[in-house]
Amino acid sequence: MRSLIWILALLVIGLTSVTATADDKTELQNIYAALSALNQEQQSLFQQFQMLQELRRANDRTFYAGQLGASQFTTEVQNYADVVQAQRGVARRGEDLAQQSEQIYEQYNEIGAKKALLQQRVLELTLSR
């Protein structure tokens, strides 16, 4: 059953490509190339987003685990100003990472919108044949 569906799909694609004009074929090739580039860019952004999320988790663990100062095995009392400064640094890094994540997320969505427009154009070209 699946092979029959694949054969029919290939026949439909083959028939539509035969009737396409040279301009439509060129435009479709350009659109597919653009879609491929956008997919790669989106994949890169997703990987960057994942790395930033891991950095945020590590930063949060640092903040909440109390690993801001001296080792747990010493009896030294940490300087209060140093501890507060370290906490502020961790919080600031967390905010910076969150802002970077939001920017990457926005870029990812912008690319998704561009892809949707190109996919709509592909649909128009294939249906107009």
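Here are some notes:
- Screening residue 75 on (1) surrounded by fewer than 11 Cβ atoms within 10 Å (Cβ to Cβ); (2) at pLDDT below 90; (3) in a helix (DSSP H, G or I) shows it passes everything except condition (3).
- Members of segment 23-45 found to be touching a helix residue (DSSP H, G or I) at 6+ places or on another chain (Cβ under 9 Å) and not β-branched (Val, Ile, Thr), listed by number: 24, 25, 27, 28, 32, 34, 35, 38, 39, 41, 42, 45
- Qualifying positions in segment 55-72 - modelled with pLDDT of 85 or more and of a type in the set (A, V, I, L, M): 55, 58
The values are calculated or read from the model by the stated rules, or taken from the named source; none is laboratory data. Quantities reported herein were computed from a predicted structural model and do not represent experimental measurements. We place every Cβ from the backbone using ideal geometry, glycine too, and count neighbours over all the protein chains shown.
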